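Down below is the structure, laid out as structure tokens.
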Amino acid sequence: MTAVAAAAGGQCFASADDSGQVVLWGKSGQKQGVVSLGAGGVKTLLFLDDKAVAAGCGDGSVKIVSALSGAVVATHNAAPAAITALAFARSKLALALGTQSGQVTMLALEA
């Protein structure tokens, strides 16, 4: 396991690993869904709200996954190095990301 995250209200959780698999969990620990995000692995997870989780991947992409369906709803090819840190500025709908090489980038998200 390389990353875990919890939604702010504690209604759902997520875990990820180096194979790129993200598992979505309900508040009682029941598995809600599984999605594979690729061979680069997932390095960090962050819930944007209780309906979406951002995954920072080893291939330099950030994938937005629906916590309800497990579907990838957006992919941002953001950097040439692994994404190792994520932070969400909710009021600005902006996602800050940090890479393994020390780069920091801001992504504007759509509601």
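Numbers below:
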item	result
Percent carbon-and-sulfur accessible area, the stretch 14-111, ignoring ligands, DNA and RNA, probe 1.4 Å	51 percent
Calculated P(r) tail over 15 Å for the stretch 17-60, as whole % of Cα pairs	44 percent
Per residue accessible area of the stretch 6-111, 1.4 Å probe, in Å²	50 Å²
Correct choice for Kirkwood radius over Cα pairs in Å that was computed from the model, options (i) 17.5; (ii) 15.2; (iii) 13.5	(iii)
Neighbour net charge for residue 65 - beta-carbon separation under 14 angstrom, K R +1, D E -1	0
Summed side-chain charge close to residue 43 - residues other than residue 43 whose Cβ falls under 13 Å, Lys, Arg +1, Asp, Glu -1	-2
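The values are calculated or read from the model by the stated rules, or taken from the named source; none is laboratory data. Treat the numbers as computed from the prediction; the structure is a model and nothing was measured. Counting neighbours? That spans all protein chains shown, and the Cβs are built from the backbone with ideal geometry, glycine included. Accessible surface is based on the protein model in full, side chains and every heavy atom, while ligands, DNA and RNA are left aside. Shrake-Rupley method; radii C 1.70, N 1.55, O 1.52, S 1.80 Å.
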